[in-house]
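Visitor: My structure is below; once you've seen it, I'll send some questions.
The values are calculated or read from the model by the stated rules, or taken from the named source; none is laboratory data. Values in this document were obtained by computation on a predicted structure and should not be read as measured data. In this analysis, Cβ positions are derived from the backbone assuming ideal geometry, glycine residues included, and neighbour counts consider all displayed protein chains.
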Amino acid sequence: MTLTLLLDLDDTLLDSDMNDFIPVYFQTLGKEMQAYIEPKKMLKYLMLGTEAMIANDSPAQRLEECFNNEFYPKFDIGRDTLDPIIAHFYEEIFPSLSYLVKARPEAVALVEWAFSQGYRVAISTNPLFPRAAIKHRLRWAGLAPEKYPFDIISSFEHFHYSKPNPAYFGEVLGRMGWPDGPVLIVGDDPERDLRAAQELGVAAYWIADDDALLPEGVNPPQGRGKIGELRGWIEAQDEKIFTPSYQAKTAIVATAKAVPAALKGMLAGIPSGAWTEFSDPDEWTLVEILSHLRDVEREVNLPRFQTFLNEENPFITANDPDRWVSERVYAKNDGEAVLQEYVDARLETLEALKKLSAEDWQRAGRHAIFGPITLQEQLGFMVEHDRVHLRQIYKQIMG
């Protein structure tokens with residue numbers, strides 16, 4: 001079995017109580033910046049920036065941008081002065097907070113075992129910290145990122161969603177090329193980890209004491225126990241328990257949000273020539289794939305969506321958008337512009353999804369290929385199409 005593991009950090013891989021850690025962290029940061037910003041004012045806008053990150057539900061903005069918009073404009077001092085102070089804090093002062101946490105040797109043993117099995121491992125910590133801070137916390141856990149080949153370490157510079165939004169876990173999987181196989185999310189928080197995993201349709205393991213109780217509305221996960229018990233539990237399971245199911249309404253919406261966010265993250269800063277390079281002459285280039293996604297969103301997904309809502313039991317014709325690649329000469333398009341146009345088109349779809357009632361999801365139609373079909377099933381095909389081409393893009397980038 002090739003398993004994809006998404007591992008939480010705090011109180012999962014690292015013994016830490018955020019109720020103790022956060023006040024000391026804020027106090028220490030405030031002291032470092034007090035010559036420029038009054039600590040109470042700094043804390044107020046730090047919290048507002050954090051709330052903006054948690055509230056973000058769109059692929060249009062990275063978490064860092066959400067935070068910056070609520071933080072920097074509130075002060076008379078410019079970023080050119082504040083940024084070096086903040087960078088110095090995370091590089092030199094933040095590491096002194098290690099006394100507030102404790103490593104879990106059994107977590108290190110688990111990660112080393114997972115890599116020895118050929119599993120893909122992501123650090124799916126809530127990305128509300130800068131990358132420098134998260135790397136320090138991994139070192140405190142005995143899991144230095146310089147030593148362990150984690151696929152993804154989520155941080156606010158690179159992600160658009162945070163927990164408990166299920167689109168966050170979709171974005172993690174998307175940044176990994178959305179592996180087409182078994183997945184397990186491991187975490188200690190019933191809302192941020194378990195409920196979000198369940199809404200995405202992914203198996204979850206709860207890091208919890210035997211007497212811990214789940215809050216109302218959170219279904220029992222596939223497994224529970226200490227981090228040191230996870231290996232034995234995984235080895236005892238049938239592989240089928242880890243097979244995701246992305247067909248529920250919550251999973252469809254989360255995927256529709258996650259794919260454009262993951263693409264923006266994957267394609268940020270790629271060399272200009274990479275948009276049109278062929279790693280395989282039988283495959284489309286990056287700009288061709290994105291142009292295809294953009295035009296399918298505009299001319300297939302959105303029109304079909306409206307047809308379901310405006311007609312009774314409509315007939316849904318089969319399209320052949322693959323031919324557009326050559327007919328529309330996608331190879332000549334500007335990659336960055338096309339990516340933004342695709343995101344803009346997907347934002348229209350997401351707005352439409354917000355307005356659907358429970359009855360709308362079950363509206364019936366007749367598909368030229370699949371026969372009787374509901375709008376929910378049609379939208380399930382839409383996001384599976386997304387995942388297929390996201391994997392194609394990941395393959396092109398990773399080679």
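Visitor: Looking at the range 9-48, which of its residues are in a helix (DSSP H, G or I), of a type in the set (Val, Ile, Thr) and over 25 Å from the mean Cα position of the chain (by Cα)?
Guide: Val24, Thr28
Visitor: Residue pairs, Cβ under 8 Å, 6 or more apart or interchain, first in the range 53-73 and more than 23 Å from Leu267 (Cα to Cα), second hydroxyl-bearing (Ser, Thr, Tyr) and outside any helix (DSSP H, G or I). List them.
Guide: Ile54/Ser162
Visitor: Output the residues belonging to the range 188-246 that are part of a helix (DSSP H, G or I) and among the β-branched types (Val, Ile, Thr).
Guide: Passing the criteria: Ile227, Ile234, Ile241.
Visitor: Kindly indicate which of Leu347, Leu356 is surrounded by 13 or more Cβ atoms within 10 Å (Cβ to Cβ) and under 23 Å from Gly269 (Cβ atoms).
Guide: Leu347
Visitor: While we're looking at this one, here's another question. Among the residues of the range 313-356, which ones are aliphatic (A, V, I, L, M), without any contact (Cβ under 8 Å) to a residue 60 or more places away in the chain and farther than 26 Å from Ala274 by Cα?
Guide: Once the filter is applied, which keeps residues that are aliphatic (A, V, I, L, M), without any contact (Cβ under 8 Å) to a residue 60 or more places away in the chain and farther than 26 Å from Ala274 by Cα, the range 313-356 yields Ala318, Ala352, Leu356.
Visitor: Okay, next question. Mind counting the residues in the range 1-27 that are surrounded by 15 or more Cβ atoms within 10 Å (Cβ to Cβ) and over 16 Å from Val186 (Cβ atoms)?
Guide: Looking only at that region, the number is 3.
Visitor: A further question on this structure: Which of (1) modelled with pLDDT of 95 or more; (2) over 19 Å from Leu7 (Cα atoms); (3) under 18 Å from the mean Cα position of the chain (by Cα) is the odd one out, the single condition Ala262 does not satisfy?
Guide: Of (1) modelled with pLDDT of 95 or more; (2) over 19 Å from Leu7 (Cα atoms); (3) under 18 Å from the mean Cα position of the chain (by Cα), only one is false for Ala262: (2).
Visitor: Checking the structure you have, find out if any residue of the range 175-183 is under 13 Å from Asn126 (Cα atoms), charged (D, E, K, R) and either under 11 Å from the mean Cα position of the chain (by Cα) or assigned to a loop (DSSP other than H, G, I, E, B) (or both).
Guide: Checking the range 175-183: not a single residue is under 13 Å from Asn126 (Cα atoms), charged (D, E, K, R) and either under 11 Å from the mean Cα position of the chain (by Cα) or assigned to a loop (DSSP other than H, G, I, E, B) (or both).
Visitor: Does at least one position in the range 249-261 carry a residue that is assigned to a loop (DSSP other than H, G, I, E, B) and either free of Cβ contacts under 8 Å to residues at least 40 places away in the same chain or outside the structural domain of Ile185 (by TED's automatic domain parsing) (or both)?
Guide: no
Visitor: Next question, about the same structure. Tell me, which residue of the range 49-77 that is of a type in the set (A, V, I, L, M, F, W, C) and in a helix (DSSP H, G or I) is surrounded by the fewest Cβ atoms within 10 Å (Cβ to Cβ)?
Guide: The residue in question is Ala55.
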